[in-house]
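These notes concern the structure reproduced below.
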Amino acid sequence: MKLQNFLAAFNKELYPEEFEAWEHGPVVPDIYHIFKFYVSNPVPIPEDYKDLKDYFVADECDLLGDALRVFSGFVAWELRELSHEEQPWIDAFNKGAGNLIDKKVIRDHFKVKYLK
């Protein structure tokens, strides 16, 4: 969840999917349905995994690495609680579960919060 927010701060989409405000936080439904059977257990690294540098430029790799170092220590429920403190999710969820979270709102919010 938090990684999505960091990615939105780049002013460039690293993937096109939309985020929805679900009860337990922001979700990309297509990604959720791929990984939902893991529930809150760790997702194993796929055998065909390639290094991040095969997909992203150096600055993006640095940001992703930082986000992974910071947030990989949290359990699912802690990430959920963190997401519930962020205004883009709060605003979208208050309009009703499943509402889209505007990417511009996410980007603007996290630029102010993290890219001071």
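Positive-end ranking of Phe110, Asn41, Phe74 along the dipole of region 2-114, with charges on Cβ about the Cα centre, is headed by Phe110. Report note on the peptides 28-34, 59-65, 46-52: ranked by the mean count of other C-beta atoms within 10 Å, highest first, their order is 59-65, 28-34, 46-52. In a fully extended conformation the segment linking Val112 and Lys36 would gain 24.2 nm over its present Cα-Cα distance, using 0.36 nm per residue. Considering every alpha-carbon pair of the chain, the percent of pairs per 10 Å bin, from zero through the bin containing the longest distance, is 12, 43, 38, 7, 0. The order of the peptides 14-26, 70-82 by mean Cβ neighbours within 10 Å, most packed first, is 14-26, 70-82.
Laboratory data are not the source of any read-out in this text; all were calculated from the coordinates shown. Values in this document were obtained by computation on a predicted structure and should not be read as measured data. For neighbour counting, all protein chains shown are included, and Cβ atoms are generated from backbone atoms with ideal geometry for every residue, glycine included.
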